[in-house]
Amino acid sequence: MKSDPAPQELTHEEALELYYYMRLNRSLDELLVRLFRQNKIVGGLYGSLGQEATSVGTAYALAEGDWIAPLIRNVGSLLVHGYKPRDIMTQYMARVTSPTQGKDGTCHFGDLKTHHVVSPISMLGDLIPVMTGVAMAGRYLGQKIVAMTWIGDGGTSTGAFHEGMNFAAVQRAPLVVVLENNQWAYSTPVNRQAPLRDFADRARAYGITSYTVDGNDLVAVLRIAREAVDSARQGHGPVLIEAKNMRMLGHAQHDPAEYVPREMFEYWKARDPLSRYENYLNQHKLWDEKEKAAIHARIERELAADLEFAENSPFPPPELAEEGVYCNGCHIIEAQWRRPKDELMPPKSSVKPEWTIENFGAMETGAAPAADRTQPQGSAVESAIVHATHTDRKRKITAPASRRAR
Amino acid sequence: MPPVTYLDAIRQALVEEMDRDPAVLLMGEDIGVYGGAFKATAGLLERFGWERVIDTPISETAIVGAAVGMSYLGLRPVAEMQFIDFIACTFNQITNFVAKSHYRWGAPVPIVIRGPAGGGVHGSAFHSANPEMYFVHTPGLKVVYPATAYDAKGLLKSAIRDNNPVLFFEHKFLYRRIKEELPEKDYTVPIGQAIVRRPGRDLSIVTYAAMVHASLEAAEQLAREGIEAEVVDLRTLLPLDRETIIESVRRTSKLLVVHEDTRTGGIAGEIAALVTESAFEDLDGPIRRVTSLDTPVPFSPPLEEHFLPNAARIAEAARDLARY
Ligand SMILES: Cc1ncc(C[n+]2csc(CCOP(=O)(O)OP(=O)(O)O)c2C)c(N)n1
Ligand SMILES: [Mg+2]
């Protein structure tokens, strides 16, 4: 595992901050397992052990104002995006102080106004079209934002995944989809989801850019995610990143994962993302023992304080169950316009309602170009969509990571 | 002002809301260049451009999903189902993502999902359905189903301005068959309010959508026979206007519920329960219902006519009940 990307890829500050999130993700997970064993968690506990680099590295590539929709294993993404361990603890402990006030559990929470996090639902795949809409709305409002979401290897088998990817692709929406191939979907191995070596190949069907990256190599994940986010932000359309890693526990705490070959765990344990990042920091002398100890101490302190907060938090009052089915005047979301609205109003918005049809579907290349209609007098966005060329910029970064220049 | 059809009333509502607020935009299959399968959105692409009238792939889940995402940033998308039957393809997105969003994590979903519903046009099993009750059974949604051009326009405007997800059912049989003069000024019809279409003292016929017209026709016939039927148009199915229903039953003491939806699990059952809970002492007879058969919508005209309720059947049931 000697990826050795140029150390200047990360500033000293970033390198340490990334370590903080990696370690925090791991320590929070360990703490949640302890709470589960103490019967303090309501319902199931889903782990992210072994997948921290993917969650942290991808979310870290985003800028202020970008939107995310994590799945329940993406604890690291939530932390990077500004949520605190207490939010996740109180969710799992079903307390009234949780982001959902006990209305929902696990990482099923979000916030439209400050964090820009869309809560997942359990039904896998559904976030892809929703985040396509987020990305389209950001563009519509002139916000220059990127939307990012995550999907498991299993989740890619849903119809919603396909509909969402395809719609994002035809719309060239600024969406980054992180396909976390952790080798398993509950008890089902990836080869029973699709006969593909690289799930990133699914991107070909949508005519979009994709990458395959070693999901346990934090620096490589971040590098690819930054490239993908930049590309999406510049208007080149959605990007699919396949990050290969391993779910190092059962599906949830109830599942001993006896169906996973023991050697497989051993193989991946030797490639643990946290140890690898520690080695990277050592190798490039990006930190010293004092800094490491300070981060550990900070995490210990923060987790202890948050745990105390969570344990002292009450359960919600029963009558809260009756509230909030409808929005009656509360939480009105005002569109934040970053472009002149009159572009979208008549007469400026007016167009000739005609399609641009290229080459009439002819099989010979270059057939009948002269007969093409002129492009509609539409917005820049629509002409980009109509004239989207088929870019296949698929690149692969597999372990050991390539030394491709940035 | 010339009279406006139910279909044109819908188009007028869309145009006026889009003129009023650039956050309102449309998505659906064949709605732009073509103007929609029923031309409900004809001319809107030309007026509002590619970004506001979005022709989508055949992806109901993506259409509704993207509408949800847009609404989270403050937009007010109106999604068209080419036929409301296809709403089944996005059932999960609506019942799980849309309906539960505000309750679970406080995120309102101000979207409208609209489309042509209902039978009587020989559209067969996949282009005639009345799937409203799947959604009436889903807390978090609002479900409206107008019977007149005035209501279609006023309710669609209310739906677009509402901060909750609204399913807007349009009866395709009514699209071009009914017209009326509409006010020139902006107006809305509030969601959640039923209306008494015809007053009467002998029995209440509670109904909605195309069956309002069949019920009014039946009421005319009954009046000639000396039976005065009150016809209540629900207009909104969720939330249900309990007060108007109960008040009507208190006046007439007899209740007939009529719907084009199939019988089992139709709203008649809910209304019957509501009335026995709240106005049992006022009842002078059993609650009756006239509905479609418990079958898929059949194709051939004699079959479909047999399947659907009509004025004669409504009148017959009403006569029976009046005599009770
Ligand atoms: C549409 C759908 N069907 C079934 C489930 C039940 N389920 C929850 S997680 C899971 C496995 C998911 O596997 P994957 O997408 O690879 O994610 P991972 O658990 O590996 O992170 C299943 C089947 C679900 N959540 N959604
Ligand atoms: Mg998996």
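Bear in mind that the values in this text are calculations on the coordinates, not laboratory data. Because the structure is a prediction, the values reported are computed rather than measured. Heads up, the Cβs are rebuilt from the backbone with ideal geometry, glycines too, and the neighbour counts pull from every protein chain shown.
Observations on the model:
- Per-selection metrics, the range B:195-322 (Cα): Rg and Dmax in Å: 13.7, 44
- Aspartates and glutamates with Cα under 17 Å of B:Lys254, excluding same-chain neighbours fewer than 8 positions away: B:Asp202, B:Glu228, B:Glu230, B:Asp233, B:Glu243, B:Glu270, B:Glu277, B:Glu281, B:Asp282, B:Asp284, B:Glu316, B:Asp320
- Annotation: the antiparallel percentage among DSSP beta bridges lying fully within the protein assembly as shown is about 15.
- For the range B:193-232, the residues whose backbone nitrogen is under 14 Å from a point 7 Å from the Cα of B:Asp282, taken along Cα to Cβ, are B:196, B:200-206, B:230-232.
- Between 0 and 90°, nearest 10: helix A:12-37 axis offset from chain A longest Cα axis: 60
- 18 Å Cα-Cα threshold exceeded, pairs from A:Lys348/B:Lys157; B:Lys157/B:Lys185; A:Lys144/B:Lys100; B:Lys153/B:Lys179: A:Lys348/B:Lys157; A:Lys144/B:Lys100
- DSSP bridge orientation in chain A - percent antiparallel, rounded to nearest 5: 10
- The range A:4-91 - Rg and Dmax from Cα coordinates, angstrom: 14.0, 46
- Taking the Cα atoms of chain B, the ratio Rg/Rh between the radius of gyration and the Kirkwood radius comes to 0.97.
- Cβ-placed point charges (K, R +1; D, E -1), dipole of chain B about Cα centre in debye, nearest 20: 220
- In a simple Cβ point-charge model (Lys, Arg +1; Asp, Glu -1; nothing else charged), the protein assembly as shown has a dipole of about 1320 debye relative to its Cα centre.
- Calculated FRET efficiency for the pair B:Glu180/A:Ser187, C-beta based, R₀ 60 Å, to 0.05: 0.45
- Equivalent ellipsoid of the range A:12-332: semi-axes from √(5λ) of the C-alpha gyration tensor, largest first, are 27, 26, 21 Å.
- Calculated [θ] (222 nm, deg cm²/dmol) that DSSP helices of n ≥ 4 give over chain A, each run adding -39,500 (n - 2.57): -11000 deg cm²/dmol
- DSSP-loop chymotrypsin sites (Phe, Trp or Tyr not before Pro) across the range B:43-132, with at most 13 other Cβ within 10 angstrom: B:Phe126
- Spin-label model distance (nm) - A:Arg298 vs A:Met363, 7 Å beyond Cα toward Cβ: 6.3
- For chymotrypsin sites (Phe, Trp or Tyr not before Pro), the sites in the range A:288-367 that DSSP calls loop and that have at most 13 other Cβ atoms within 10 Å are A:Trp355.
- Across the range B:4-180, Cα-Cα pairs farther apart than 24 Å form 28% of the total.
- Nearest 10 degrees, 0 to 90: helix A:273-283 Cα axis against chain A principal axis: 90
- Extents of the protein assembly as shown, largest first, come to 97, 71, 45 Å (Cα atoms, principal axes, whole angstrom).
- Those chymotrypsin sites (Phe, Trp or Tyr not before Pro) in the range A:239-291 that DSSP places in a loop and that have at most 14 other beta carbons within 10 Å: A:Tyr259
- Under 20 Å from A:Lys285, Cα to Cα: lysines that are on another chain or at least 8 residues apart: A:Lys2
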